[in-house]
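Bear in mind that the values in this text are calculations on the coordinates, not laboratory data. Remember, predicted model here, so these are calculated numbers, not experimental data. Virtual Cβ from ideal backbone geometry, glycine too; neighbours counted across all protein chains shown.
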Amino acid sequence: MVDRKRVNVERDRLSSLPDNLIHKILSFASTKLAVETSVLSSRWRYIWTSMPCLNFSTKDFHTLPKFSTFVKRVLLGRNNQIEVASVELTFRGKVSQPFVGRILNYVLSHNVPQLSITFLPGKKIEFPLSRISSRSLKHLTMTGYAYKQSITTTPDWEMPALETLYIHCLTLYEGDNTDERISLFSNCASLKNLTIKKCVMGGGLYSFNICHPGLTSLTLEDGFTGVNVDTPQLKKLTIKQWEGVHLISAPNLSSLHYKDLSYIADEDDDYDDLLQLSTDLLHLEKANICIECVIKEKAAAHKIVCLLQQLQSVKFLTLNLEIVKVCWCWSLMFIMLV
């Protein structure tokens, strides 16, 4: 009896919370769970209809038809006087499935500013970006699942309002463009923050361009293609385990984090995959450089020293022990030659 009273008291405490706080709590759960709370009491019956965050996942249903029916009922039953702040979609199967189009059309027609799409393991998928081209979308996350079974995107990134883009395990296409001044994201005029992780270039391309006048933060992780970066307003740059030649032009950079744990130095500068800076970074405040050489430490030492010389204006510099060792050996060798 005491335990039952305690449960009732706790339930009443939760029910007494304002709607916006309940919405915040439920935003960490799926929309399916939010709908299921409607059976708790009359207080909870319509809470889900005004949820500003929608989270749909096929993992919550045994069959895709049941999921599709659920999506349809939620979107029809929702209180459209309440704006939607974000939509998350996690699914497997073809993009042409009705529920995919229904959710994406809802995002576009209701000017939803934040969209997250996660593709579950399955067959290879081509995702036409025209499906999410919007003048209101500000934050977009797209997550695939593996290199060999990645999601292929078309080259039409036309999202003029997009400010934040996070893409993971996608195959990207730059189209037929050969102009080095035009990049994959040129039509995302408002883009400020860009993260590319475990993505590859399609069509046999070995490099791509990121040329953007307004980009302020760029993160590249676990990639295998060369990247040419021309971003005059870039403030923060993070490159971790991204193989390939990197030519960076970012004169206003203030924070640099570079990590390469499998660096192989090459005598030929044209094929060296160490970070290359087109100009000295005169505004750099913080730099964290971690490089581990696999072979050819003598060749690596000279190139690493040249890189560090371009960071001479930095206020706070963090180096891993191997860099210090390589540079120390290089300096001793230089003294002996003199």
Which residues qualify? For Ser207, with a placed amide H closer than 5 Å and at least 5 residues away or on another chain, they are Gly226
Listing Asp230, Asp19 by rising number of other beta-carbon atoms within 10 angstrom, fewest first, gives Asp19, Asp230
Ranked output for segments 63-70, 195-202, 31-38, 315-322 by mean other Cβ atoms within 10 Å, highest leading, reads 195-202, 31-38, 63-70, 315-322
Amide H neighbours of Glu126 at under 5 Å, excluding residues fewer than 5 places away on the same chain, with H built from the backbone geometry, are Thr152
Karplus-derived 3J(HN,Hα) from phi for the stretch 223-230 (6.51 cos²θ - 1.76 cosθ + 1.60, θ = phi - 60°), whole Hz, x at Gly and Pro, runs x, 9, 10, x, 9, 9, 10, 10
Residues whose built amide H sits under 5 Å from the amide H of Met201, excluding neighbours closer than 5 in sequence, are Leu172
Answer in debye to the nearest 20: the dipole magnitude of the stretch 50-177 about its Cα centre, from +1 Lys/Arg and -1 Asp/Glu charges placed on Cβ, is 660 debye
Once the in-chain neighbours fewer than 8 apart are removed, the lysines whose Cα is under 19 Å from Lys66 read Lys32, Lys94
Calc'd 3J(HN,Hα), the stretch 101-106, phi into Karplus 6.51 cos²θ - 1.76 cosθ + 1.60 (θ = phi - 60°), Hz, glycine/Pro = x, comes to x, 5, 5, 5, 5, 5
